[in-house]
Ligand SMILES: NC(=O)c1ccc[n+]([C@@H]2O[C@H](COP(=O)([O-])OP(=O)(O)OC[C@H]3O[C@@H](n4cnc5c(N)ncnc54)[C@H](OP(=O)(O)O)[C@@H]3O)[C@@H](O)[C@H]2O)c1
């Protein structure tokens, strides 16, 4: 166990599963005090029990990031209980997917309400505390925030927006001493690909991504915590993610050719075809 965040307070949105849950474990091992927020309080309570069993101080707070009042209350409760906030991780998110022709403006709005405006409200709610602590702000973007792909328009455009936001406010917050880290994972083990376009986790769904490509969430979380500690402006998480971004930057025509073939010829796996109504 390292001790890089001993006595620091870390607030995580979307901590009830996946990357957020693993981040909570890694930060607890690093000595941090934790405020875990999400909509599913029962899940947060289970995680809180596991972490307090390891000796961590943990708050579990129900909070929907599309509700600014709930965010303000969660942030105030955290700061009051722990005396401030040093690290805020805007991690809550989900994916609206499918072919553009079958989606609607409302699907895009719903996606942006959580993945983009939920993140903006998280930042505004927590910023005074980060300014006071000269803390660390962390935004969960994605490799999909750098590379468009078929059947992914709402999610990719929300993450392109997050990447642009992170790269811009990095400069705005410099004078306040607040660092901004854009975390851009490739495929990481989580519930995200089993969550529907309304943001509901579907137990009956399977991950359509081949498991050899999916990186375990604990090593991914350790790599994220390292980048946060170093106040890196950007961290692409997963080897395949780094390769995709590098190829897209240096060989854009090749990447476009491959994606065109996929869009025109690829037969969707049955799992995705039924989700997208493409049978
Ligand atoms: N896993 C990947 O392959 C991958 C790749 C690139 C980027 N990411 C990003 O990583 C972040 C975490 O996702 P994950 O992969 O760990 O997926 P996940 O297991 O589905 O976790 C998503 C978390 O977000 C929370 N959440 C969703 N909507 C919310 C809302 N309106 N208010 C508050 N919390 C909300 C969920 O909790 P509740 O349902 O309890 O609210 C859950 O804790 C997301 O921003 C995602 O886009 C993931």
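The values are calculated or read from the model by the stated rules, or taken from the named source; none is laboratory data. These figures come from a predicted structure and were not determined experimentally. Heads up, the Cβs are rebuilt from the backbone with ideal geometry, glycines too, and the neighbour counts pull from every protein chain shown.
Applying the selection to region 238-255, what residues are surrounded by 12 or more Cβ atoms within 10 Å (Cβ to Cβ), assigned to a helix (DSSP H, G or I) and out of contact with any helix residue (DSSP H, G or I) (no Cβ under 7 Å at 6 or more places or on another chain)?
So in region 238-255, the residues surrounded by 12 or more Cβ atoms within 10 Å (Cβ to Cβ) come out as 238, 240-245, 247-248, 251, 255.
Add one more test, that the residue is assigned to a helix (DSSP H, G or I), and what stays is 240-245, 247-248, 255.
Selection gives 242, 243.
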Check: Any idea which residue in region 132-148 is farthest from residue 27 (Cα to Cα), counting only those that are within 12 Å of the ligand (Cβ to nearest atom) and part of a loop (DSSP other than H, G, I, E, B)?
Finding: 147
Next item on the list: From (1) surrounded by fewer than 20 Cβ atoms within 10 Å (Cβ to Cβ); (2) in contact (Cβ under 8 Å) with a residue 60 or more places away in the chain; (3) more than 13 Å from the ligand (Cβ to nearest atom); (4) farther than 18 Å from residue 88 by Cβ, pick out the condition that doesn't hold for residue 151.
Entry: (1)
Check: If residue 164 passes every condition in (1) at pLDDT 95 or above; (2) over 21 Å from residue 246 (Cα atoms) but one, which one does it miss?
Finding: (2)
Next item on the list: Hey, could you check region 206-220 for residues that are modelled with pLDDT of 95 or more and assigned to a loop (DSSP other than H, G, I, E, B) and say which is nearest to residue 271 (Cα to Cα)?
Entry: 214
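Do the conditions hold for residue 223, that is, is it under 30 Å from residue 260 (Cβ atoms), more than 12 Å from the ligand (Cβ to nearest atom) and modelled with pLDDT of 95 or more?
On the way: under 30 Å from residue 260 (Cβ atoms): no; more than 12 Å from the ligand (Cβ to nearest atom): yes; modelled with pLDDT of 95 or more: yes.
So residue 223 fails the test.
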Notebook entry, point to check: What is the number of the single condition among (1) within 16 Å of the ligand (Cβ to nearest atom); (2) closer than 24 Å to residue 199 by Cβ; (3) buried (at least 16 other Cβ atoms within 10 Å of the Cβ) that residue 103 does not meet?
Noted result: (1)
Notebook entry, point to check: Which of the residues spanning region 262-279 are without any contact (Cβ under 8 Å) to a residue 60 or more places away in the chain and either loosely packed, with under 10 Cβ neighbours inside 10 Å or touching a strand residue (DSSP E or B) at 6+ places or on another chain (Cβ under 8 Å) (or both)?
Noted result: 264, 265, 267, 279
Next item on the list: Would you confirm whether any residue within region 195-217 is in contact with a helix residue (DSSP H, G or I) (Cβ under 6 Å, 6 or more places away or on another chain), surrounded by 16 or more Cβ atoms within 10 Å (Cβ to Cβ) and under 26 Å from residue 2 (Cβ atoms)?
Entry: yes
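Does residue 174 satisfy the criteria of being more than 11 Å from the ligand (Cβ to nearest atom) and either crowded, with 19+ Cβ neighbours inside 10 Å or at pLDDT below 95 (or both)?
On the way: more than 11 Å from the ligand (Cβ to nearest atom): yes; either crowded, with 19+ Cβ neighbours inside 10 Å or at pLDDT below 95 (or both): no.
Considered against the rule, which asks whether it is more than 11 Å from the ligand (Cβ to nearest atom) and either crowded, with 19+ Cβ neighbours inside 10 Å or at pLDDT below 95 (or both), residue 174 comes out as no.
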Check: Hey, any hits in region 160-177 for a residue that's assigned to a helix (DSSP H, G or I), under 30 Å from residue 269 (Cα atoms) and touching a residue at least 40 places away in the same chain (Cβ under 8 Å)?
Finding: yes
Note to self: When you check residue 212 against the structure, is it in contact (Cβ under 8 Å) with a residue 60 or more places away in the chain and farther than 16 Å from residue 14 by Cβ, yes or no?
What the structure shows: no
Next item on the list: Identify all residues within region 64-99 that are near the ligand (Cβ under 9 Å from one of its atoms), surrounded by fewer than 20 Cβ atoms within 10 Å (Cβ to Cβ) and in a loop (DSSP other than H, G, I, E, B); write none if there are none.
Entry: 64, 66, 67
